[in-house]
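Here is the structure we will look at.
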Amino acid sequence: MTVNLNLNLLDKIALQKKEPDKVPEMAVCWIEASDSVSRRFQFEPDGYLSVKVVDDARPVFKRVVESFVNKFFPSGYPYSVNEGYLRYTQFRALQHVSSAALSVLSTQSLLFAAGLRPTPAQATAVSWILKDGMQHVGKLICSNLGARMDSEPKRWRILADLLYDLGSGLEVLSPLCPSLFLEVAGLGNFAKGMAVVAARATRLPIYSSFAKEGNLSDLFAKGEAISTLFNVLGLGVGIQLASTVCSTMQGKLVVGPLLSVVHVYSVVEEMKAAPVNTLNPQRTALVVAKFIKEGKVSSPADIRYHEDLMFPGRLIKDAGSVKVGQALHRVIKPSKLSEYKVMFPSEKFVISRGNNCTNMVLEHDATGEDALRGWMVAAYAAAAAPSLESSRDGFSSSALLDAYEKVDSVFETFMSELQAKGWHTDRFLDGTGTRFAL
């Protein structure tokens, strides 16, 4: 009897020591209704937010549009991208349709020209392989221009499509001279090879200009999805044209240039819509000119339509007519350089007055902030000495010091506003411009 009582007592103690059962975690959920759509939001125990459509009373057309946007636009669109993305995407779609249609016509012409050659099939195959080899040569040559593409991605993107259309045009014309098949087709593929490298190299800077919330990968993936979709559509258009209007050479000579015009126009409009936010000579000049003239800081979206896409080297008088990238020994005399470094020992730029322009040379490790400071000093100094073309002795020491004091009083505010507008001031992309080291 004593043993049983002890066991019962031990059982009771053991039960008291047991931890109370945990209350199961309840999933947090709620329903939101807007625009005739009811959605159920639920936080799962692992923290994941799931969304499910409970009721959708919208017309079928609106559902299809939303489904398209979800599949081909970045998550959170339009709030997750910068201004201009929709217009960029619209013209990008038109560009791919026209480009794919033109590629069908050029391929048809190449095959026809290869069949017209009075040579054995083996020789034709060798010529075709050599023709493709020329494309790789074009790629190798264009790969040396990467620094310039970083500085002017818009310009090189347009040049890439001009080269592509030139190559396609040569391929379309190849049946007119079948005996020169290798030469004509090889030159066309050479141009296309350069175009491919330039287009791929400039793709990332353009996409980066639209990324707003660290969503570059999502933006890139959705952009490539748009490209694929409209490339397929363009192939269909090209096949239809090749079997009807463009079944003859006369038809190709009419439709081919029209497709090329649409293609290039679309690319130009794409580039105008892209708010590239890195500092190069042209964009820096536009920003400085606006600030000095009106006291306002422009955003990348503000100046995108003011950029000269094909000839970006033009001098802007309101920004001091500054020219970057000249060799140091051509810009300033050794005696003047020593005097300059005494005045501004910690600065990483050298400014000198030249013929019809103000030359600025940067040190190797100069950043975008250094370039901006130097550009503003040059602009204020040039404004104080308007007869730029008449002086051969350069800026006087007093003019430079006065300009430097003006810049110093506003530069901190200027930089803060510039960064708030979305500009990347950590680097200055001057292409292959010459820099110096002391």
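The values are calculated or read from the model by the stated rules, or taken from the named source; none is laboratory data. What you see is a predicted model; the values in this text were computed from it and never measured. Positions of Cβ are generated from backbone atoms using ideal geometry, with glycine treated the same way; all protein chains shown enter the neighbour counts. Just the protein is used for accessible areas: all its heavy atoms, side chains included, with ligands, DNA and RNA removed. Shrake-Rupley method; radii C 1.70, N 1.55, O 1.52, S 1.80 Å.
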What is the Cα coordinate range of the range 250-304 on the first, second and third principal axes, sorted by size from largest, in whole angstrom? 57, 17, 17
Leading residue at positive end of dipole, the chain (Cβ point charges), from M194, V288, F349: M194
Rounded to the nearest 5, what % of the DSSP beta bridges within the chain are antiparallel ones? 75 percent
Cα-only Debye scattering, the range 158-310: base-10 log of I(q)/I(0) at q = 0.17, 0.19 Å⁻¹: -1.09, -1.24
Percent of accessible area on the chain owned by carbon and sulfur, 1.4 Å probe? 60 percent
Alpha-carbon radius of gyration plus Dmax, which is the widest Cα pair, for the range 290-345 in Å: 15.9, 43
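Sort M134, M271 from largest to smallest accessible area, using a 1.4 Å probe on the heavy atoms of the protein chains. Numbers along the way, then the final one.
Working: M134 70, M271 0 Å².
Listed by decreasing accessible area, they come as M134, M271.
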Positive-pole candidate from I226, I303, G76, dipole of the chain, charges at beta carbon: I226
CD proxy, 222 nm, the chain: helix-only mean residue ellipticity via -39,500 (n - 2.57) per DSSP H run with n ≥ 4, per residue, nearest 500, stands at -20500 deg cm²/dmol
Would you please give the residues with an amide H less than 5 Å from that of N277, counting only those at least 5 places away or on a separate chain, with H modeled from the backbone geometry? none
Under-5 Å amide H pairs with F428, H placed in peptide plane, nonlocal only: G368
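Largest first, what is the accessible-area ranking of F43, F414, F291, F61 with a 1.4 Å probe? Provide the component values of the computation, followed by the final result.
On the way: F43 85, F414 0, F291 30, F61 150 Å².
Reading off the accessible areas and sorting them downward yields F61, F43, F291, F414.
Hey, what did the chain get for relative contact order, percent, Cα under 8 Å, at least 6 apart? Mind dumping the intermediate values first?
On the way: 625 pairs, mean separation 71.7, N = 438.
Reported as a whole number, the value is 16 percent.
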Per-selection Rg to Rh, the chain - Cα, Kirkwood hydrodynamic radius: 1.18
Pick from Q42, Q108, Q135: which is most flexible by mean-square fluctuation in a GNM of the chain where alpha carbon atoms under 10 Å apart are linked? Q42
Accessible area (Å², per residue) of the chain, counting only protein heavy atoms and a probe of 1.4 Å: 54 Å²
Excluding ligands and nucleic acids, what accessible area in Å² is computed for H136 using a 1.4 Å probe, to the nearest 10? 110 Å²
